[in-house]
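Chemist: Handing you this structure, nothing more for now.
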Amino acid sequence: MSEYVSTNRSEPTPSLGRQQMADSRISTVRRFYSVEEFSRQSGLSPATIRRRIKDGQLPSYQPGGPRTKVLIPASAWDSVAVTAPNVPLTSAPQPEAPVEATSGAAAPPTRPVGDASPLTHRPGPPLKWKRGL
């Protein structure tokens, strides 16, 4: 005996309730990440990720062909962990210990944070209006 499948749209079809649909979306595992999403998750810059894709160090997929969005499989996390061991696990900067002068020499002059003036004069090319003099 074969099973009959109706294509009539007037017959009710089983559907998930809103809560079941929300639960199914939450429980789904991402299979692909965009370059930007992968960058945020891994701590690498988007340029580094694109460079690694170009060099073949990072697997990628372009469902629309060339010049379309690049997708990176979730399984690529393993290759990032192997090829980038120096990626920090936290993004918080570590405080630096102040360096104190041990000799009697004076410390170099400092300037206020908002001051953009240089400490010393840096010579550059001669001014155009002074070249003929």
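Chemist: Would a scan of segment 57-72 turn up a residue that is in contact with a helix residue (DSSP H, G or I) (Cβ under 8 Å, 6 or more places away or on another chain), of a type in the set (Gly, Ala, Ser), at pLDDT 55 or above and assigned to a loop (DSSP other than H, G, I, E, B)?
Modeler: Scanning segment 57-72 turns up at least one residue that is in contact with a helix residue (DSSP H, G or I) (Cβ under 8 Å, 6 or more places away or on another chain), of a type in the set (Gly, Ala, Ser), at pLDDT 55 or above and assigned to a loop (DSSP other than H, G, I, E, B).
Chemist: Any residue in segment 71-83 that's within 14 Å of Glu36 (Cα to Cα): show its pairings with residues that are modelled with pLDDT of 80 or more at Cβ separation under 6 Å, as long as the two are six or more apart or on different chains.
Modeler: Leu71/Phe32; Leu71/Tyr61; Ile72/Tyr33; Ile72/Phe38; Ile72/Ser60; Pro73/Phe32; Pro73/Pro59; Ala74/Arg31
Chemist: If the requirement is being of a type in the set (Val, Ile, Thr), surrounded by 10 or more Cβ atoms within 10 Å (Cβ to Cβ) and either modelled with pLDDT under 60 or on the phi < 0 side of the Ramachandran plot (or both), which of these qualifies: Val82, Val29, Val35?
Modeler: Result: Val35 is the single residue among Val82, Val29, Val35 that is of a type in the set (Val, Ile, Thr), surrounded by 10 or more Cβ atoms within 10 Å (Cβ to Cβ) and either modelled with pLDDT under 60 or on the phi < 0 side of the Ramachandran plot (or both).
The values are calculated or read from the model by the stated rules, or taken from the named source; none is laboratory data. Here the structure is a predicted model, which is why all the values come from computation and not from measurement. Note that each Cβ is placed from the backbone with ideal geometry, even for glycine, and that neighbours are counted across all protein chains shown.
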